[in-house]
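*Asks:* Below: one structure in structure tokens.
FYI, it's all coordinate maths here, none of it is from the lab. Everything numeric here is computed off the predicted structure, so don't read it as measured data. Reconstructed Cβ throughout: ideal geometry from the backbone, glycine too, with neighbour counts over all protein chains shown.
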Amino acid sequence: MISPSDNTPWNTEFWTQRYQTHQIGWDMGQVSPPLKAYIDQVVDKNSRVLIPGAGHAYEAEYLHQQGFHQVTVIDLSQSPLQNLVQRVPDFPKENLVQGDFFDHEGTYDIILEQTFFCALDPTLRTRYIDKMHSLLAPGGKLAGVLFDIPLFADHPPFGGSRDLYEPLFSARFRFHAWETCHNSIGPRAGNELWINLRKKT
């Protein structure tokens, strides 16, 4: 996971401690089934892909196995990035970024969202959407999963609903898919929203 800066309670130290003490209830130990299904439909393996707040980055591992070579991973904590390196020693080290998503610069065709949005303080949601828009190439896609359930108000993961999210994203994106996931893992069934959004120009 990732936090916007070390000035919030959910900073580098917070997330690193969670990983080191194995308090990572969000970690499925596998590529997310909705994201796997999406990745399997991406034809262009030269697509520039970004996974922010990637955690153990099972999606990055799967992309790498499928022959995608331009995959960049960002996380605020070094711990999950080290875990990815141990699992996938030949993953390009230059594409592993420890740092703040909001400071990242680059241009991507696809950004994969794996509940990173819900790990951020809700006051940063508009800023998140603006940043995603700026990182995507013309016609670029933001695809992935948001929690569609009230979770916590005082610590991550923060929840929300389709009715809350939709007006936020509509300012910057066109909706190609916006629906309840049909292939979530059991504990998340009915609580995940699949999004496939295209950048407005």
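*Asks:* Among Phe91, Phe175, Ile195, which residue has its Cα furthest toward the positive end of the charge dipole of the range 12-199, with +1 on Lys/Arg Cβ and -1 on Asp/Glu Cβ?
*Replies:* Final value for the positive-end residue is Phe175.
*Asks:* Could you please rank Leu193, Leu136, placing first whichever residue has the fewest other Cβ atoms within 10 Å of its Cβ? Don't skip to the answer; put the middle values down first.
*Replies:* On the way: Leu193 23, Leu136 26.
Fewest to most other Cβ atoms nearby, the residues stand as Leu193, Leu136.
*Asks:* Evaluated at 4 °C with a viscosity of 1.567 mPa s, what Stokes-Einstein diffusion coefficient in µm²/s does the range 12-199 have when Rh comes from the Kirkwood expression over alpha-carbon pairs? Before the final figure, lay out the partial values.
*Replies:* On the way: Rh = 16.6 Å.
For these conditions, the coefficient is 78 µm²/s.
*Asks:* Mind listing the long-range amide H neighbours of Phe91? Cut-off is under 5 Å, sequence gap 5 or more, other chains count too, H placed in the peptide plane at 1.01 Å from N.
*Replies:* none
*Asks:* Per 0.36 nm of contour for each residue apart, how much would the distance between Arg127 and Arg174 grow if the chain were fully extended, relative to their Cα-Cα spacing? Each step should come with its number before you reach the end.
*Replies:* On the way: separation 47, 0.36 × 47 = 16.92 nm, distance 1.75 nm.
Going from the current span to full extension adds 15.2 nm.
*Asks:* For Ile111, list long-range residues whose amide hydrogen, built 1.01 Å from N in the peptide plane, is under 5 Å from its own amide hydrogen.
*Replies:* It is Leu50, Lys141, Leu142, Ala143, by chain and number.
*Asks:* How would you rank Lys131, Lys200, Lys36, going from fewest to most other Cβ atoms within 10 Å of each one's own Cβ?
*Replies:* On the way: Lys131 19, Lys200 13, Lys36 16.
Ascending number of Cβ neighbours within 10 Å: Lys200, Lys36, Lys131.
*Asks:* Within the range 43-79, list the residues whose amide N lies under 16 Å from a label point set 7 Å along Cα→Cβ of Asn183.
*Replies:* The answer is 43, 59-60, 62-63, 66.
*Asks:* What is the distance, in nm, between label points placed 7 Å from the Cα along the Cα-to-Cβ direction at Leu164 and at Lys45?
*Replies:* About 4.0 nm separates the two model spin labels.
*Asks:* Let me ask something else. On a straight-distance basis, which aspartates and glutamates could pair with Lys199 in a cross-link, Cα separation under 16 angstrom, same-chain partners fewer than 8 positions away excluded?
*Replies:* Filter leaves Asp109, Glu113, Asp130, Glu166.
*Asks:* Which of Val49, Val73, Val43 has the fewest other C-beta atoms within 10 Å, and how do the rest follow up to the most? Numbers along the way, then the final one.
*Replies:* On the way: Val49 25, Val73 28, Val43 5.
So the ranking, lowest neighbour count to highest, is Val43, Val49, Val73.
*Asks:* Amide H of Ser32: which non-local residues (sequence gap of 5 or more, or other chain) have their own amide H closer than 5 Å, using H built in the peptide plane?
*Replies:* Glu59
*Asks:* Give the residues of the range 37-75 whose amide nitrogen is closer than 14 Å to a point set 7 Å from the Cα of Ala137 in the direction of its Cβ.
*Replies:* 43-50, 69-72
*Asks:* Describe numerically, in nm with one decimal, the distance between label points set 7 Å from Cα along Cα→Cβ at Ala37 and at Ile149.
*Replies:* 1.8 nm
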